[in-house]
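Working notes for the structure below.
The values are calculated or read from the model by the stated rules, or taken from the named source; none is laboratory data. What you see is a predicted model; the values in this text were computed from it and never measured. Here Cβ is always computed from backbone atoms with ideal geometry, including for glycine, and neighbour counts include all displayed protein chains. Side chains are part of the model used for accessible areas, which takes the heavy atoms of the whole protein and leaves out ligands, DNA and RNA. Shrake-Rupley method; radii C 1.70, N 1.55, O 1.52, S 1.80 Å.
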Amino acid sequence: MRDKSAASLDLFIVSALLLFLEFVLIRWITASISITAYYSNIILISCFLGFGLGCMLSSRRDFSRWAAAVLVLLILVCRLYDGATIASPFGADYIFSSKGPTHGFFIVPAVYAGVACLFTCIGQRLGAEMNGLAPLRGYTVNIAGSLFGTALFGLFSFWQTTPTAWFIVVFLALALLARRHRRALAATGLLAVLSVVVVHAQQKTSLWSPYYKIRLSAIPPAGSGSFGVEVNNDYHQYGLNLSRQWTSRDPWLRDWGRIYDFPYEISGKTAPEVLVLGAGTGNDVAAALRHDAARVDAVELDPLIYDIGLRRHPERPYADARVHVFLNDARFFLKNPGRRYDMVVIGWLDSHRLFSSLSNVRQDNFMYTVESMRQIRSALKEDGVLCLSFYVGRPWVAKKLQGMLAGGFGHPPAIYNYPAGGYGDGGHLMVIGPHAAPSRTMPGFNDIDRVYETLKPTPVPTDDWPFLYYQDRTISRDYAIALLLILGISIAGVSLAMPSRLAATRSNATFFLLGAGFLLLEVKNLNRLALAFGSTWLVTSIAVSGVLTMVLLSVWCLQNRLAPRESWTWAGLFGSIVLAACWPSGLLARPLWDGALTALVISSTFFFTNIAFARFFERTGAPGESLGFNVLGSVIGGLLEYGTLIVGFKAMYGLAVFFYAAAWWSGRRRPALSS
């Protein structure tokens, strides 16, 4: 019989493993099987499902030792489908090629089920360890381990480590959990070697930034030093030599050069101070320097993309003393740019795909909103110019961009395309200023404003509904079918795992409802922090760590009789949700302090939610199973989060209030604990 210290250590290890592995799979699977990147939060939800099922099965026959084998199968599937084209069942309306061998909405549920199986194995071990400790002690150790796993992956992102390192850590944790069983330990070691070899072979030609798997390739003309950048198996950008030496001798480079020179030629004036948002490897920065800019502020989110441009771009724009680089999110930079500019360039900024009706919130979505355009307008001088370049896959995308710019500036932009350029007719260049859109005749460029005047209006992206790639407020057919299949998998898994004695009890209903409300608030919390601090890997780590820290604080308050009484807890919970929903940004002049205050306000909600949860959890007779129902509720909350595609983010606060009110009603007849 193990003592409590050994049980606590194992619980800490398995809790840290679950959070670390969750981040690993979100990065690894979406970089390998491209279609999964379109289905926001699916891998996260499958982790929650498996975690919940495992906790519910904690008293059954032990199958947690199968975790390493299931992980190997997932790794092999990712290797098989790495870079594969997946067919859309609905044809050319979507970006997926019809040449693909397998329909997308079958691949996504299959991955969902595989990840859920893996986390079921590990979750069973967690549930068993939880059952061996007092509820609040086990819960505290669980949260502490989760916080450690989150911080560890945050450090790995900061260090720009590769998946080889990630999976070495994962298998080390699995080996530690199997250390008392020689056969299981030996099997884990063998599977670890196989997995690490496969993972290393798959990614050895890639670079890994905190956001992407990156591959570089040389492109013609030979000797120019130009190169291509591919992220997560898709084209991302070129690093082009557009110096006059090369554009004068190569027609392809000359046409690309005309596109990058366009902002300065259309404005018909010099631009001494230029801001480039989404600077990438440096093409737009080099263009500004070629047009004699005195200062260029270049904002780039990805440090590795910038480093590639610094080392490899043939024109060496980042080495110029006139260039000032800011490795940050563009929206965060725009909160306080520190100066006003003659020219702002948003150059072909697209974080993940060229276009898709299936895209949910991505790193650049908050760049393309009405509120973002208002910030840019404020950053321009009175006679300044914004030039936004974008590849438009469907006419309605350009219509949304047109409406977004009109909403931000008060009048519509001038819109051009350059059919001879690299992006052809779909490459749109939109120009606008604080007072009027510059409009000139440019040889080879078509003025296409009138094309979009007759199109049917479509919802314009805002910070509450930042879905540039969605034509209307609806859920696409691909999403609907995939989500129904995923819901069916979840229901089947719960039905098989749930012991009959646990079905439909009042206590389990309360834990379920608390979980649903919790995940809705966590997703909303992440989006608010993205606006406060920017859409970076650090924000994700801060959001998750903030929630877990609030959980630990609430448990500490309960244990030390410092928590508010039960009635005041619920009042604080509902009050904090209303405050978070109504909280404005920009109250403080300094963006960092304003973001910190916003983070504190919206995270305070989790202090009250977890005091309510911990009180119920302290009374449970089966901690593992109760935690399982709580996590399964989070699965439903995660699936309902897709409703933001219809109603926007703020409405999710109302849905969270509904779940918490139902949880209060469900648990109100239980005797209150003294605080």
Karplus-derived 3J(HN,Hα), 6.51/-1.76/1.60, for each residue of the range 303-320, Hz, glycine and proline x
x, 6, 4, 4, 5, 4, x, 4, 8, 10, 4, x, 8, 6, x, 6, 8, 6
Pulled fully out, how much extra length does the chain show between THR549 and ARG450, if you take 0.36 nm times their separation in residues and subtract their Cα-Cα distance?
30.3 nm
Report, to the nearest 10°, how far helix 42-56 tilts away from the longest principal axis of the Cα atoms in the chain, using its own Cα long axis and a range of 0 to 90°.
0 degrees
Roughly how far apart, in whole Å, are the Cα centres of the range 129-151 and the range 444-492?
41 Å
Using the Cβ atoms and a cut-off under 14 Å, what net charge is assigned to the surroundings of VAL72, where Lys and Arg are +1 and Asp and Glu are -1?
+2
Given R₀ = 41 Å, what would the calculated FRET efficiency be for SER248 paired with ILE646, taking r from the Cβ atoms and rounding to 0.05?
0.20
In order through the range 407-419: 3J(HN,Hα) via Karplus (6.51 cos²θ - 1.76 cosθ + 1.60), integer Hz, x for Gly, Pro:
x, x, 10, x, 7, x, x, 8, 10, 10, 9, 9, x
Under the rule of at least 5 residues apart or a separate chain, name every residue whose amide H is placed under 5 Å from the amide H of VAL385.
MET343, VAL344
For ILE219 and TRP665, extending 7 Å from Cα along the Cα-Cβ vector and measuring point to point gives, in nm, a value of 5.8 nm
Obtain the nm distance between the two label points defined at LEU9 and LEU190 by a simple spin-label model: each point lies 7 Å from its Cα along the Cα-to-C-beta direction.
2.7 nm
The range 400-416 and the range 226-298: distance between their alpha carbon centers, rounded to Å
23 Å
Quote the charge dipole size of the chain about the Cα centre in Debye, to the nearest 20; the model charges only the Cβ of Lys and Arg (+1) and of Asp and Glu (-1).
1860 debye
Run the reach check for LYS381 against aspartates and glutamates, Cα to Cα strictly under 17 Å, same-chain hits fewer than 8 apart removed. What comes back?
GLU273, ASP297, ASP342
Of LYS335/LYS524; LYS335/LYS400; LYS456/LYS524; LYS269/LYS399; LYS335/LYS650, which pairs sit farther than 26 Å apart, going by alpha carbon to alpha carbon?
LYS456/LYS524; LYS269/LYS399
Rounded to whole Å², per residue accessible area for the chain with a 1.4 Å probe reads 39 Å²
Taking 0.36 nm per intervening residue step and subtracting the Cα-Cα distance, what contour gain separates ARG183 from GLU382 on full extension?
64.3 nm
On the protein heavy atoms, probe 1.4 angstrom, tell me the percent of accessible surface of the chain carried by carbon and sulfur.
62 percent
Starting from the Cα of ARG340, step 7 Å along the direction of its Cβ; do the same at SER439; then give the gap between the two resulting points in nm.
2.5 nm
Got a sec to turn the phi values of the range 266-281 into Karplus ³J(HN,Hα) couplings, 6.51 cos²θ - 1.76 cosθ + 1.60 with θ = phi - 60°, whole Hz, x for Gly and Pro?
6, 6, x, 8, 6, 10, x, 10, 10, 10, 10, 9, x, 6, x, 7
Treating only Lys and Arg (+1) and Asp and Glu (-1) as charged, each at its beta carbon, one finds that the range 198-259 has a dipole about its Cα centre, in Debye to the nearest 20, of 140 debye
Measure nothing fancy, just the Cα-based angle from helix 67-81's long axis to the longest principal axis of the chain, in degrees from 0 to 90, nearest 10.
20 degrees
If R₀ is 45 angstrom, what is the calculated FRET efficiency for the pair LYS269 and ARG79, using the beta carbon separation as r and rounding to 0.05?
0.25
Probe 1.4 Å - accessible area at LYS524, Å² to nearest ten:
10 Å²
Quick one: how many Å² of LEU185 are accessible to a 1.4 Å probe, rounded to 10?
70 Å²
Between ARG61 and ASN560, what length in nm is gained on full extension when 0.36 nm per residue of separation is reduced by their alpha carbon distance?
175.9 nm
